[in-house]
Each structure stands twice: as structure tokens, then as C-alpha cells.
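**Q** Questions regarding the structure given below will be posed in turn.
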Amino acid sequence: MSEPKSETSTASIDTEARTTAPRVDIDEVAQTQPGALEYDYTNFYFGAGEDAFALLEPFDDWWRQVKPAGYYLYELPLHSAPGTRVDVEDTKTGEIRRGLVNFASYNYLGLSYRPEVKEAIKEAADVYGGGSSGSPILSGTTALHMQFAQEVADFKGQEAAMVFPTGYSANVGTIAGLMRSGDLIVADQYAHASIVDGMILSKAKSRFFRHNRPDDLDRKLAGFDGKKLVIVEGVYSMDGDTPPLAEIVAVCRKHGARLMIDEAHSAFVFGETGKGVAEHQGLDDEIDIHLGTFSKSLGGQGGYIAGSEQLINYLRGFSRSRFFSCALSPVVVAGLRKALEIATDEPELRKKLWDNVAYMQKLLGDAGVPMGDSTSQVIPIMVRDDARIFSMGEEIFREGVFINPVKYPAVGKHKSRFRMSISAAHSNEELEEGADKIITVLRRYGICQ
């Protein structure tokens with residue numbers, strides 16, 4: 001399998017025609033602006049007064065202090081495809097760091113830059129142009145959209161499927177499109193923000209059960225006589241673990257609740273044929289709503305739901321996030337169709353992915369790196385140090401590894417971590433190089449042996 005090549009096999013810096021900005025020491029910020037790094041986005045959620053812009057100035061004051069001290073590590077522009085090595089612009093110094101080992105991008109099967117996928121995109125651009133120029137129900141649906149939706153349904157073994165512009169809109173549109181005021185939705189406490197937002201928009205009564213605890217789900221469903229929907233994920237995006245589906249299915253059937261699973265991080269990689277965690281656990285037929293994305297394993301963009309034809313027909317008219325959005329670009333759909341074909345025809349990609357996951361877990365485990373309860377290609381490196389995670393992140397970045405630091409409010413306080421994404425395209429040498437550099441930094445901070 002081919003992949004884009006960087007100019008060098010190891011990380012390097014391109015400073016040509018760029019201005020180097022002064023470095024900002026994180027400890028210095030903590031000393032000169034005490035409290036700045038103790039604040040986060042949640043401190044600016046509510047504000048007093050009558051002006052809707054009242055929070056902008058205090059937020060901006062805080063942001064100017066903390067961005068160079070660590071928050072700049074978010075939204076770093078890539079100057080290459082999201083391959084196993086990437087060229088990343090260091091917005092703090094103005095440099096382009098080339099050939100960094102990439103553990104930040106999803107692209108679990110390494111499909112986004114496959115020559116066949118790129119060729120399909122080019123051919124579609126010649127026919128359809130760049131965008132859909134309309135909502136799905138008006139002028140935005142092309143023959144490619146119709147073909148792809150059927151291919152997704154066939155792949156998932158369901159009667160029908162519907163494609164959304166994003167995974168976020170798929171969750172919001174499905175949940176709010178199906179559930180109403182007076183209904184009950186119960187989701188795992190680690191549910192993705194798009195699930196939470198869908199619950200809020202539905203105006204249904206919302207509850208959360210303790211993570212992967214069917215007994216708590218049983219308590220949350222007990223005594224409610226109306227319509228009930230339970231929502232879990234195939235792989236939890238910040239922890240990398242999977243749900244105990246058999247027990248959850250049993251609880252749902254006991255209370256007459258419908259079950260929806262968001263397989264954003266598990267579809268196309270888990271299971272004998274890649275359908276996802278539900279297939280992997282032998283419970284595909286027990287799921288009422290199958291939801292997932294195309295941005296993770298297929299390396300593209302968009303989301304889908306699959307299920308009965310009745311469900312899909314109903315949601316065509318009530319999924320507002322799809323109904324009132326421009327349809328997914330046909331060139332993206334063309335690339336996704338080819339990516340799905342490759343994922344189906346090359347099961348060895350999934351085997352290589354799981355071999356890589358096992359190898360990385362061994363490399364990190366042998367060094368005593370804490371990885372939580374991950375059983376997937378999403379590996380959290382649990383540093384649990386909110387005050388110093390940005391310092392670690394900056395050092396790892398400058399060592400030559402691209403990986404995302406995560407702290408509150410994306411995860412709970414004192415549960416900060418680095419989220420590592422493993423790809424089938426990673427070579428053993430890249431995994432070893434990346435692990436060695438991460439471990440080197442973690443040792444400096446006493447996180448591992």
C-alpha cells in the first residue's frame with residue numbers, strides 16, 4: 001500500500017521564508033499570570049450583564065495568555081495528507097516540522113490517500129464539479145449518493161441507509177428526529193457531544209448511566225412507561241474501550257427500549273467482515289439503529305444511519321440536520337465508495353491494523369505507560385496531569401511526534417491524556433520511533449518507568 005512520502009524519513013524543520021516567533025515558557029506563564037492556566041473554556045460559559053458580547057473581552061484576555069503556553073497545540077495546520085508521517089506547521093514558531101510520526105489522525109485503514117481513492121475523486125470532479133449545491137431532498141442528491149447509501153446498507157446487512165454531511169449531523173438528526181418531549185433517552189455517560197446535543201434538541205427527558213454499567217442502565221429505565229431509546233458507542237473515543245452489548249441488549253429488551261449504537265470508531269474495522277463491534281460481539285441483529293461515520297476508518301467525511309426501511313423513510317422527513325443541510329459533496333462520496341470497496345475487498349488491512357495495535361500496546365506496556373482499559377486502535381496515554389500536559393505535549397511535538405493532548409472539559413478533571421490513533425499503514429519502524437520518543441518525554445515527567 002502506497003502512502004505520501006515526506007522529504008525526510010525522520011522529523012525535520014523547514015524555516016525557509018518564515019519568521020520565528022519567541023518561545024513562551026509554560027512555567028513562566030504560570031508564575032507571571034497565576035491562575036491563567038487553571039482556567040479553561042468552562043470559566044467563560046456564563047456571564048453577567050445584558051450584552052451578548054460581554055464575555056468576549058475577558059475570554060480574549062485569557063486566550064492571549066494561554067494560547068502560546070500550550071493551547072496553540074490545537075488546530076496546527078497540516079501541509080501534507082494525513083499519512084503515517086505528516087508535515088505540520090508550528091504556529092508558535094512559524095516553522096514547518098516535516099516527517100513527524102502521526103498518531104493524531106484517524107484514517108485507521110490508511111485509505112484517504114490511496115491512489116484508487118484519489119483517482120475516483122478526480123473522475124467525479126470531472127463529472128459533478130466540486131459540491132452538491134443543494135439539500136438532499138431538493139437538488140443535492142446525485143446518482144453517487146443513491147448508490148453509496150445502498151452500498152452502506154448492504155455492507156451493514158440492513159434494509160436501508162441514509163447518508164449525512166457529518167457524523168455529528170447524523171447523531172443530532174437521528175436522535176432529535178425520532179424522539180420527542182415526554183420520551184426518555186438514556187445514554188452512556190461517556191457519550192459523544194453530538195449524542196448529547198441530539199438529546200437536548202429532541203426535548204426528551206435525558207438521563208445518563210454509568211459508563212459500561214448495565215445495572216445502572218436498568219435503574220435509569222425502571223418505572224418509565226413512555227417511548228425509550230438507549231444509546232451506546234462501539235468504541236468510546238477518549239478511552240478506546242467497548243460496551244458489554246449482551247448485557248445492555250438484555251436490559252433494553254426487559255424495559256421495551258430501542259437501542260442505538262454509534263460505531264464511529266468501530267465500523268469498518270471490528271468484526272469478521274468489518275461491520276463493527278455489534279458484529280464482533282455477535283449482536284448485529286439486536287441493534288435497532290446502526291450509526292457511524294466515514295471520517296475514521298474510511299478516511300473521508302460524513303456519517304450514516306442504517307436500519308429498517310421504515311426507520312429510514314421516517315427520518316428522511318424528520319432529520320432536520322440533513323433536511324436543511326447541503327448534501328455531502330459528490331467528489332467526497334466517490335472517494336468513500338472506493339474506500340468502502342477497498343475495505344471490503346482487503347480484509348488484510350484490518351489484520352494489519354490489529355497487529356499494529358498489539359505491537360504498540362506492547363511497546364508502551366513494557367515501559368509502564370498507563371493506557372487505561374483500551375481494547376481498540378484508540379489508545380489513551382493516561383498522564384492525569386492537567387497542569388503539565390501541555391508541557392509534555394510540546395516536548396513530544398518537538399521530539400518529532402504528532403499526537404493530541406486532551407484535558408478538561410473534553411475529559412474529566414485530572415484525567416488528562418494523549419489520544420493515540422493507530423493505523424494499518426504504520427510500519428513497525430514508525431511505531432517504534434514514535435513510542436520511543438513519547439516514552440522518552442513521559443519518563444522526564446515520571447509518568448512511566
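**Q** Packing-wise, with mean Cβ within 10 Å as the measure, how do 202-213, 265-276 rank, highest first?
**A** My ranking of the peptides, most packed first, is 265-276, 202-213.
**Q** Residue separation times 0.36 nm, minus the C-alpha to C-alpha distance between Glu50 and Lys254: what's the value?
**A** 68.5 nm
**Q** Continuing with this model, one more query. If you take the Cα Rg of the chain and divide it by 2.2 N^0.38 Å, with N the number of residues, what do you get?
**A** Cα Rg divided by the expected 2.2 N^0.38 Å: 1.01.
**Q** Measure up Lys352/Lys407; Lys227/Lys254; Lys362/Lys437; Lys156/Lys220 against 23 Å on the Cα-Cα distance and list the ones that go over.
**A** Lys352/Lys407; Lys156/Lys220
**Q** How long is the gain from Ser427 to Arg443 if the chain were fully straight, where each residue apart is worth 0.36 nm and the alpha carbon distance is subtracted?
**A** 3.3 nm
**Q** Shifting gears a bit: What are the ³J(HN,Hα) values, in whole Hz, obtained from phi via the Karplus relation 6.51 cos²θ - 1.76 cosθ + 1.60 with θ = phi - 60°, for each residue of segment 414-422 in sequence order, with x given for Gly and Pro?
**A** Once rounded to whole Hz, the list reads 6, 10, 4, 7, 9, 9, 9, 10, 9.
**Q** Still on this structure: Can you give the local net charge around Gln150? Use residues other than it whose beta-carbon is closer than 12 angstrom to its beta-carbon, Lys and Arg +1, Asp and Glu -1.
**A** -2
**Q** Between Asp60 and Ala222, what is the spin-label point distance in nm, taking each point 7 Å from the Cα along the Cα→C-beta axis?
**A** Calculated label separation equals 5.4 nm.
**Q** How far apart, in nm, are the 7 Å Cα→Cβ label points at Asp345 and Glu116?
**A** The modelled label-to-label distance comes out at 0.3 nm.
**Q** Further question on the same structure: Report, in whole Å, the centroid distance computed from the Cα atoms of segment 228-260 and segment 179-222.
**A** Rounded to whole Å, the Cα centres lie 11 Å apart.
**Q** Could you work out how far helix 428-444 tilts from the main Cα principal axis of the chain, as a 0 to 90 degree angle to the nearest 10?
**A** Compared with the principal axis, the helix lies near 60 degrees.
**Q** Gain in length, Leu201 to Glu159, computed as 0.36 nm per residue apart minus the alpha-carbon separation, to one decimal in nm?
**A** 12.4 nm
**Q** For the chain, what does -39500 (n - 2.57) per DSSP helix run (n ≥ 4), summed and divided by total residues, give at 222 nm, in deg cm²/dmol to the nearest 500?
**A** Helix contribution divided over all residues of the chain: -11500 deg cm²/dmol.
**Q** Taking 7 Å along the Cα-to-C-beta vector as the label spot, tell me the Ser308-Gln147 distance in nanometres, rounded to one decimal.
**A** Placing both labels 7 Å beyond Cα along the Cβ direction yields 3.1 nm.
All of the numbers you see were taken from the coordinates with simple rules; none came from a lab. Keep in mind that this is a model prediction, so the values were computed, not measured. Cβ atoms come from the backbone with ideal geometry, glycine included; neighbour counts cover every protein chain shown.
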